[in-house]
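Quick notes on the structure that follows.
The values are calculated or read from the model by the stated rules, or taken from the named source; none is laboratory data. Quantities reported herein were computed from a predicted structural model and do not represent experimental measurements. Heads up, the Cβs are rebuilt from the backbone with ideal geometry, glycines too, and the neighbour counts pull from every protein chain shown. All accessible areas refer to the heavy atoms of the entire protein, side chains included, with ligands and DNA or RNA removed. Shrake-Rupley method; radii C 1.70, N 1.55, O 1.52, S 1.80 Å.
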Amino acid sequence: MFVVMAPDAGEAEVLGVKSAILGEGLTPFDHVTNGRTVIAVIGEMGDGRKPALAERLGALAKVDRVTPINRPFKLTSREFHPENTVIRVLGAVIGDGSLTMMAGPCSVESRDQLFETADAVKDAGATILRGGAFKPRTSPYSFQGLGVEALRYLAEARDRTGLPVITEVMEPNQVDIVAEYADILQIGTRNMQNYSLLTAVGRVARPVMLKRGYGATVEEWLMAAEYIVSSGNPNVILCERGIRTFETYTRNTMDLAAVPLVHQLSHLPVIVDPSHATGKRWLVAPLAIGGVAVGADGVMVEVHPNPDAALSDAEQQLTLDQFRAMMTEVVAVHDHVRAMYAVPIDGSLAATAGVAAAGPAKH
Ligand code: PEP
Ligand code: MN
């Protein structure tokens, strides 16, 4: 449930509500929206306890109302946080209506390969540099990444280009070392429900990009984001990277509907990854354009100076020229649609009807 404070509630009244929540063995999270403090009551409270708890909290000083929320995700919901989350990292801004372009190799293979890619993507307009250091590979015999050596190259590439760098962290015990070198931590599709990892990245002061599990529903994805946010890290970026369906021509199926749907349900920025979604180089640009057309806050793509010789995901990495050409198209589409998505979605507590309509489909 959410406790909505009166507009003239002061710090003392907000503290009064928060300590009452803590006294119940629950955790308060507060957010100020439109000049009012909204306090989310988080924790297992059981249906039987809710009415009495709501009544008790509703009777406290300067509480305007107590609103039940039936969704399992709370802190990531639009109801709690109606305005978009905007994440700033070095010079890059994500979620403010601008176009975020993350580009770089699937795996960092050498300093030269990374620097050549970094210089080219920066020159073409990329805003964030990607590159895998620790690689989650389906086969234990495939290239597993250069590890810490790659983290060092990424940090050097950041210093060289000024672009913030994003790389995947696969295990809780890698979080500190990856956070030491990288600006954004990536959680891969295979780890979307690795709850100890989610909790670990929830405790560091780095934005996290959470890829959708290839077999996860939108609700499971948002619940995974909820783990990170409720552990203390509000800077979460969601990434739609395709889900597994019966289709075999593409590596995955890119769920474009998830982009406007998540924007309706949540305040977190959404990025699309057409490289892993399609697995085919020639399908990347059309799907990047599609993602931006449905309102994605940005795109992540894999780019390599010589994709055919890449040590991982050779078929889906763009050449430097292809990336340059794609950028022109994606920027044009973004310029065309940005006004369409500039109007904030009304997810305020007073207008939950539209959001409620976006529940899971019935078969
Ligand atoms: C990646 O982006 O490097 C990656 C491994 O992607 P995913 O987790 O989506 O497969
Ligand atoms: Mn890859």
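Can you name the residue in the range 192-243 that is among the aromatic types (F, W, Y) and within 16 Å of ligand 1 (Cβ to nearest atom) and is also nearest to D96 (Cα to Cα) among such residues? Step through it out loud before you land on a result.
Step one: of the range 192-243, the residues among the aromatic types (F, W, Y) are 195, 214, 221, 227.
The next check asks that each one be within 16 Å of ligand 1 (Cβ to nearest atom); those that pass are 214, 221.
Working: Y214: 27, W221: 22 Å.
Filtering the range 192-243 for residues that are among the aromatic types (F, W, Y) and within 16 Å of ligand 1 (Cβ to nearest atom), the one nearest to D96 (Cα to Cα) comes out as W221.
Take the residues in the range 115-147 that are under 23 Å from V201 (Cβ atoms) and over 24 Å from the mean Cα position of the chain (by Cα); name whichever of them is surrounded by the fewest Cβ atoms within 10 Å (Cβ to Cβ).
Filtering the range 115-147 for residues that are under 23 Å from V201 (Cβ atoms) and over 24 Å from the mean Cα position of the chain (by Cα), the one surrounded by the fewest Cβ atoms within 10 Å (Cβ to Cβ) comes out as Q144.
Pairs needed: first member in the range 105-134, among the charged types (D, E, K, R); second member anywhere, within 14 Å of ligand 2 (Cβ to nearest atom) and part of a helix (DSSP H, G or I); C-beta distance under 9 Å; at least 6 residues apart or different chains.
E109/A150
So which residues in the range 281-307 are within 16 Å of ligand 2 (Cβ to nearest atom) and farther than 12 Å from L238 by Cα, if there are any at all? If you could, list the steps in order and put the result at the bottom.
As a first pass, look at the range 281-307 and keep what is within 16 Å of ligand 2 (Cβ to nearest atom): 281, 283-284, 287-288, 299-307.
Of everything in the range 281-307, those that are within 16 Å of ligand 2 (Cβ to nearest atom) and farther than 12 Å from L238 by Cα turn out to be R281, L283, V284, L287, A288, V301, E302, V303, H304, P305, N306, P307.
Tell me, please, whether a residue that is among the aromatic types (F, W, Y), in contact (Cβ under 8 Å) with a residue 12 or more places away in the chain, within 21 Å of D313 (Cβ to Cβ) and buried (at least 18 other Cβ atoms within 10 Å of the Cβ) can be found in the range 66-85.
The answer is no, given that none of the residues of the range 66-85 is among the aromatic types (F, W, Y), in contact (Cβ under 8 Å) with a residue 12 or more places away in the chain, within 21 Å of D313 (Cβ to Cβ) and buried (at least 18 other Cβ atoms within 10 Å of the Cβ).
Would it be correct to say that Y181 is modelled with pLDDT of 95 or more, among the aromatic types (F, W, Y) and touching a strand residue (DSSP E or B) at 6+ places or on another chain (Cβ under 9 Å)?
Details: modelled with pLDDT of 95 or more: yes; among the aromatic types (F, W, Y): yes; touching a strand residue (DSSP E or B) at 6+ places or on another chain (Cβ under 9 Å): yes.
Yes.
Sort through R241, R212 and tell me the only one that's in contact with a Lys or Arg (Cβ under 7 Å, 6 or more places away or on another chain), closer than 19 Å to P286 by Cβ, open to solvent by less than 20 Å² (accessible area, probe 1.4 Å) and within 16 Å of ligand 2 (Cβ to nearest atom). Full working, then the answer.
Working: R212 fails: closer than 19 Å to P286 by Cβ.
Among R241, R212, only R241 is in contact with a Lys or Arg (Cβ under 7 Å, 6 or more places away or on another chain), closer than 19 Å to P286 by Cβ, open to solvent by less than 20 Å² (accessible area, probe 1.4 Å) and within 16 Å of ligand 2 (Cβ to nearest atom).
Do we have Y153 as surrounded by fewer than 20 Cβ atoms within 10 Å (Cβ to Cβ) and more than 13 Å from ligand 1 (Cβ to nearest atom) here?
Numbers: surrounded by fewer than 20 Cβ atoms within 10 Å (Cβ to Cβ): no; more than 13 Å from ligand 1 (Cβ to nearest atom): yes.
In short, no.
Every residue in the range 259-280 that is within 16 Å of ligand 2 (Cβ to nearest atom) and of a type in the set (S, T, N, Q), please. I'd like the intermediate steps shown before the answer.
Initial filter on the range 259-280 (within 16 Å of ligand 2 (Cβ to nearest atom)): 271-280.
If the condition is that a residue be within 16 Å of ligand 2 (Cβ to nearest atom) and of a type in the set (S, T, N, Q), then S275, T278 are the ones that fit.
Is the range 94-105 home to any residue that is under 22 Å from the mean Cα position of the chain (by Cα), open to solvent by 40 Å² or more (accessible area, probe 1.4 Å), at pLDDT 95 or above and more than 30 Å from S312 (Cβ to Cβ)? Steps first, answer last, please.
Going through the range 94-105, the residues under 22 Å from the mean Cα position of the chain (by Cα) turn out to be 94-105.
Next cut, open to solvent by 40 Å² or more (accessible area, probe 1.4 Å) only: 96.
Next, from what is left, pick out any that are at pLDDT 95 or above: 96.
Filter once more, keeping what is more than 30 Å from S312 (Cβ to Cβ): 96.
Looking through the range 94-105, at least one residue is under 22 Å from the mean Cα position of the chain (by Cα), open to solvent by 40 Å² or more (accessible area, probe 1.4 Å), at pLDDT 95 or above and more than 30 Å from S312 (Cβ to Cβ).
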